[in-house]
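*Asks:* Dropping the structure in here first, questions after.
Readers should treat all values here as calculations from the given coordinates under stated rules, not as data from a laboratory. Being a predicted model, the structure only gives us computed values, none of them experimental. A quick note on method: Cβ atoms are made from the backbone with ideal geometry, for glycine too, and the neighbour counts reach across all protein chains shown.
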């Protein structure tokens, strides 16, 4: 199993952290029904947030055997959000079949629609907070990194960029990956990780070789195949590892791919507040700060080449997303029946047109193939755009 860290020692450490400094912020613990079960999540809203300004949303996904609270402290973005002004979403996975604690998302054979859950959670948060739909990102530890790659492949109509720490992709998901726009990717991985091994074999889970995985995204993004390589200063000589930073730049639409190759590093989040029992934890750089530095460069509408115009006077949602048989448009705005709905495929060809006749309109998939589509609502000179994925 993808054990992210030694949980007994972590729980004790987290107890000390929880009794420490308090944050001038709002922490929300909430849930909603999805797929017949209540799915719960934590949300960190910094004190600088104001509803008049649309802010980024960062998903921070925990590893198998962990949970949202532990990930909030282990891969901590809160001090960054306090100044950079973004909201952090930490969903909990579902309980495993043998009750072994918290599984993370996308576990093979789980039968859980976590892509749909994440999409529904985005819809839920967009209704409650001022979220910039062009600046939604995902990162995670171990299995949370695996799920972030799934989001890049199968929910990329909503995710601008991803970062994985000690995660990878399993072969079946790697082969089926269906990303439809240039996708900035960061991978942080230890070369002696005993859980998700760097070569892709010998660990607890079989996965793609990290160099192969990075090369896939470099080629897909049409980035420069020869990276700029920098050796990070070995500021901590007692952590048992050093760091090589590879940057593949000049990708399509300004995308790039970065690899932090932690030489001698284990299954760990660099500069986490506690050490893992699964190898060395690097102390030469802070993974959370580097991930946000990477995310802060990117906007989904730039990566897709589509500008979204969302007038304050109008509001609408599209769900489920990704969809199978079809999706529903729910409009809560003046004169909703005057809107015209158009659907375009990835080539920009119009494949569906219909007039909205009610606040709730169902759009059937019919024979449309799998892939990402653009859904546009038009009324006079006003246009609003969202993306939907059919799987």
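*Asks:* State, as an integer percentage, the relative contact order of the range 7-304 based on alpha-carbon contacts under 8 Å between residues 6 or more apart.
*Replies:* Details: 691 pairs, mean separation 43.6, N = 298.
It comes to 15 percent, rounded to a whole number.
*Asks:* P(r) for the range 7-304: what percent of alpha-carbon pairs falls in each 10 Å bin, starting at zero?
*Replies:* 6, 30, 38, 22, 3, 0
*Asks:* Okay, next question. Take 169, 33 and order them by how many other Cβ atoms sit within 10 Å, fewest up front. Intermediate results must be reported in sequence, preceding the final value.
*Replies:* Numbers: 169 25, 33 9.
With the fewest neighbours first, 169, 33 line up as 33, 169.
*Asks:* Right, next: Apply the Kirkwood formula to the range 123-244: the hydrodynamic radius equals the inverse of the mean of 1/r over all pairs of different alpha-carbon atoms; give it in Å with one decimal.
*Replies:* 15.7
*Asks:* In nm, what is the difference between 0.36 nm times the number of residues separating residue 244 and residue 231 and their Cα-Cα distance?
*Replies:* This chain segment gains 4.2 nm when fully extended.
*Asks:* Taking the highest mean first, how do the peptides 231-239, 209-217, 77-85 order by number of other beta carbon atoms within 10 angstrom per residue?
*Replies:* 209-217, 77-85, 231-239
*Asks:* While we're looking at this one, here's another question. Report the gain in length on full extension from residue 391 to residue 332: 0.36 nm times residue separation, minus Cα-Cα distance, nm rounded to one decimal.
*Replies:* 18.5 nm
*Asks:* Computed over the Cα atoms, what is the radius of gyration of the range 32-96 divided by 2.2 N^0.38 Å, N being its residue count?
*Replies:* 1.22
*Asks:* Then there is this: Would you mind getting me the FRET efficiency between residue 127 and residue 360? Use the beta-carbon distance for r and R0 = 22 Å, nearest 0.05.
*Replies:* Values: r = 15 Å, r/R0 = 0.69.
Plugging the Cβ-Cβ distance into 1/(1 + (r/R0)^6) gives 0.90.
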